[in-house]
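What follows is a short report on a single structure.
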Amino acid sequence: MTSSDRSQAVDEKRSYEVRTYGCQMNVHDSERLSGLLEDAGYVRAPEGSDGDADVVVFNTCAVRENADNKLYGNLGRLAPMKTKRPGMQIAVGGCLAQKDRDTIVKKAPWVDVVFGTHNIGKLPVLLERARIQEEAQVEIAESLEAFPSTLPTRRESAYAAWVSISVGCNNTCTFCIVPALRGKEEDRRPGDILAEVEALVAEGVSEITLLGQNVNAYGSDLGDREAFSKLLRACGEIEGLERVRFTSPHPRDFTDDVIAAMAETPNVMPQLHMPMQSGSDQILKAMRRSYRQERFLGIIEKVRAVIPHAAISTDIIVGFPGETEEDFQQTMHAVREARFANAFTFQYSKRPGTPAADMDGQIPKEVVQERYMRLVALQEEISWEENKKQVGRTLEVMVAEGEGRKDGATHRLSGRAPDNRLVHFTKPDQEVRPGDVVTVDITYAAPHHLLAEGPTLMVRRTRAGDAWEKRNAAPAQPAGVMLGIPTLGVPAPLPVAASGCAVPASS
């Protein structure tokens, strides 16, 4: 975009809206898309505009079987709006765009731009080209053009941030289409990652989440098997960085040096989300998961030996093709043994283009549903029991924004404990800002949250809180449209969506 074009865009105050579906990688990409558009002179549409923007961008996910139906339904609802609004543009990116390519403009010819997972940086140029040429622009790169973290950004949080350390995936799980859409794993240089973290901390960020499709496989592209543990330790040396999280590790790559780094690096939080997917060795083999139940439970045992208070969560798929009642009972056994703080449980659904979609032994929906309900009931019981163990503990809670839907009515605030448990606490007399840290005594536990009903023991004002205050004191900008997915810890709670690419980005 030329400087005159940029000036024109600013003068016209062209607005944009980003709608995001899928995993944390998509959320991170959408922050970059917003940053790119604002850098090109667009302004964010008011919250609740529901397509009433000059540019509407869909950042899509291809994990769910019905992902395309959802997209085309939304596109269909925008078609009459676009007819009535000359100059309105619609763009489709993300995994579904990478997969369907020309199909999108054939089914929805009113779409102006289609771009893939590897070239999100081209969006402003493609929009401008579509406007000038008055025809759809379809550009799908086959390899990564730039790491998302190197692009301009409009972060959703002033005090917490995602940091992408790798893209792509080298695994071949039979239920997952991610490797075909995001390509083979490609790692960023450690110096680039740490430079970004340091820059974020300088802006006031106090919590970062290292992000990768299989985050602890980091280093395979660099020829260093201990690169991830070294990265965690290096993050521990960054002054002002209070909390480090990562998502999501693969059991295959979970080595003892990573466990040691977690235990020995004070700002690496006592939290682990590691997808199990199934507790049956037979199903794990059919899934092409390169570990078995004993290996998975062994990792958990090692982590808890050195980090006793670690909260461990997981993803589980119920009803994978060929799953017998005996296989399902092995999953139930693994859940009882692991005692997850929480588990994101999914009913298997076919992903077009994956080997599992064509496997024999597809399980009837009613059988999958019944097993799913049994698993959910078991995990709910375990989650509540594990949360009850927190009662009486004194915890430091980082105050969050938008985590407590009932805070206004209950006169409480909400935030995340170091282990990522959600804590609602009594609002103290003094001002507390998102990003600040409070010390509270836990008095009650529910399956999915903790309560601190007594007085706040201490309020620590932080640079992160200062950053939040500065952002909100800036000249008013139109409120942004939510990205369509809740938050993991402070950056983004994990969505109950499809497993594989979603929740978390690893499979």
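The values are calculated or read from the model by the stated rules, or taken from the named source; none is laboratory data. Note that the coordinates shown come from a computational prediction; the quantities given were computed from them, not determined experimentally. Here the Cβ positions follow ideal geometry from the backbone for every residue, glycine too, while neighbour counts run over all protein chains shown. Surface areas here come from the heavy atoms of the whole protein model, side chains and all, with no ligands, DNA or RNA. Shrake-Rupley method; radii C 1.70, N 1.55, O 1.52, S 1.80 Å.
What are the pairs with Cβ atoms under 9 angstrom where one residue, in the range 150-162, is at pLDDT 75 or above and the other, located anywhere, is open to solvent by 30 Å² or more (accessible area, probe 1.4 Å) and aliphatic (A, V, I, L, M)? Sequence gap at least six, or different chains.
156/482
I'm told residue 222 meets every condition in (1) closer than 24 Å to residue 345 by Cα; (2) modelled with pLDDT under 95; (3) aliphatic (A, V, I, L, M) except one. Can you identify the failing condition by its number?
Going through the list (1) closer than 24 Å to residue 345 by Cα; (2) modelled with pLDDT under 95; (3) aliphatic (A, V, I, L, M), residue 222 breaks only (1).
Output the residue which, of all residues in the range 252-270 that are open to solvent by less than 20 Å² (accessible area, probe 1.4 Å) and not aromatic (Phe, Trp, Tyr), is nearest to residue 341 (Cα to Cα). Don't jump to the end; show me each part of the working.
Quick first cut of the range 252-270, residues open to solvent by less than 20 Å² (accessible area, probe 1.4 Å) only: 254, 258-259, 261-262, 265, 267-269.
Next cut, not aromatic (Phe, Trp, Tyr) only: 258-259, 261-262, 265, 267-269.
Numbers: 258: 21, 259: 18, 261: 22, 262: 18, 265: 22, 267: 21, 268: 18, 269: 15 Å.
Applying the filter and picking the extreme gives 269.
From 447, 428, 455, which residue is touching a Ser or Thr at 6+ places or on another chain (Cβ under 7 Å), open to solvent by 50 Å² or more (accessible area, probe 1.4 Å) and assigned to a loop (DSSP other than H, G, I, E, B)? Steps first, please.
Details: 447 fails: open to solvent by 50 Å² or more (accessible area, probe 1.4 Å); 428 fails: open to solvent by 50 Å² or more (accessible area, probe 1.4 Å).
Among 447, 428, 455, only 455 is touching a Ser or Thr at 6+ places or on another chain (Cβ under 7 Å), open to solvent by 50 Å² or more (accessible area, probe 1.4 Å) and assigned to a loop (DSSP other than H, G, I, E, B).
What is the one condition in (1) surrounded by fewer than 22 Cβ atoms within 10 Å (Cβ to Cβ); (2) under 23 Å from the mean Cα position of the chain (by Cα) that residue 23 does not satisfy?
(1)
Would you call residue 334 open to solvent by 20 Å² or more (accessible area, probe 1.4 Å), over 26 Å from residue 99 (Cβ atoms) and among the hydrophobic types (A, V, I, L, M, F, W, C)? Show your work before the answer.
Working: open to solvent by 20 Å² or more (accessible area, probe 1.4 Å): no; over 26 Å from residue 99 (Cβ atoms): yes; among the hydrophobic types (A, V, I, L, M, F, W, C): yes.
Judged against the criteria, residue 334 is not a match.
Of the numbered conditions (1) in contact with a strand residue (DSSP E or B) (Cβ under 9 Å, 6 or more places away or on another chain); (2) open to solvent by 10 Å² or more (accessible area, probe 1.4 Å), residue 87 fails exactly one; give the number of that condition.
Of everything listed in (1) in contact with a strand residue (DSSP E or B) (Cβ under 9 Å, 6 or more places away or on another chain); (2) open to solvent by 10 Å² or more (accessible area, probe 1.4 Å), residue 87 misses just condition (1).
Answer with yes or no whether residue 375 is open to solvent by less than 30 Å² (accessible area, probe 1.4 Å) and touching a Lys or Arg at 6+ places or on another chain (Cβ under 6 Å).
On the way: open to solvent by less than 30 Å² (accessible area, probe 1.4 Å): yes; touching a Lys or Arg at 6+ places or on another chain (Cβ under 6 Å): no.
In short, no.
Does at least one position in the range 309-328 carry a residue that is part of a loop (DSSP other than H, G, I, E, B), within 24 Å of residue 419 (Cβ to Cβ), open to solvent by 10 Å² or more (accessible area, probe 1.4 Å) and not hydrophobic (A, V, I, L, M, F, W, C)? Can you show your working first?
Within the range 309-328, the first condition is being part of a loop (DSSP other than H, G, I, E, B), and the residues that meet it are 309-310, 319-324.
Checking which are within 24 Å of residue 419 (Cβ to Cβ) leaves us with 309-310.
From what is left, the residues that are open to solvent by 10 Å² or more (accessible area, probe 1.4 Å) are 309-310.
Now restrict to residues that are not hydrophobic (A, V, I, L, M, F, W, C): 309.
Checked against the condition, which is being part of a loop (DSSP other than H, G, I, E, B), within 24 Å of residue 419 (Cβ to Cβ), open to solvent by 10 Å² or more (accessible area, probe 1.4 Å) and not hydrophobic (A, V, I, L, M, F, W, C), the range 309-328 yields at least one hit.
Quickly run through the range 150-180 and pick out the residues that are within 19 Å of residue 217 (Cα to Cα), open to solvent by 10 Å² or more (accessible area, probe 1.4 Å) and in a helix (DSSP H, G or I).
Matches in the range 150-180: 179, 180.
Open to solvent by less than 40 Å² (accessible area, probe 1.4 Å), closer than 17 Å to residue 22 by Cβ and modelled with pLDDT of 90 or more, is that true of residue 57?
Details: open to solvent by less than 40 Å² (accessible area, probe 1.4 Å): yes; closer than 17 Å to residue 22 by Cβ: yes; modelled with pLDDT of 90 or more: yes.
Spelling it out, residue 57 is indeed open to solvent by less than 40 Å² (accessible area, probe 1.4 Å), closer than 17 Å to residue 22 by Cβ and modelled with pLDDT of 90 or more.
Out of everything in the range 17-44 that is in a strand (DSSP E or B) and charged (D, E, K, R), what residue ends up being modelled with the highest pLDDT?
Step by step, filter the range 17-44, then rank; the result is 17.
Quick test of your reading of the structure: residue 381 fulfils all but one of (1) assigned to a strand (DSSP E or B); (2) out of contact with any strand residue (DSSP E or B) (no Cβ under 7 Å at 6 or more places or on another chain). Name the failing condition by number.
(1) is the only condition that residue 381 fails.
Give the residue that is surrounded by the fewest Cβ atoms within 10 Å (Cβ to Cβ), with candidates limited to residues of the range 207-241 that are acidic (Asp, Glu) and in contact with an Asp or Glu (Cβ under 7 Å, 6 or more places away or on another chain). Please lay out each step first, then the result.
Initially, the range 207-241 is screened for residues acidic (Asp, Glu), giving 207, 221, 224, 226, 237, 239.
From what's left, in contact with an Asp or Glu (Cβ under 7 Å, 6 or more places away or on another chain): 207, 221, 226.
On the way: 207: 25, 221: 16, 226: 13.
Filtering the range 207-241 for residues that are acidic (Asp, Glu) and in contact with an Asp or Glu (Cβ under 7 Å, 6 or more places away or on another chain), the one surrounded by the fewest Cβ atoms within 10 Å (Cβ to Cβ) comes out as 226.
Within the range 384-422, which residues are of a type in the set (A, V, I, L, M, F, W, C), within 26 Å of the chain's Cα centre (by Cα) and assigned to a loop (DSSP other than H, G, I, E, B)?
Result: 400, 417.
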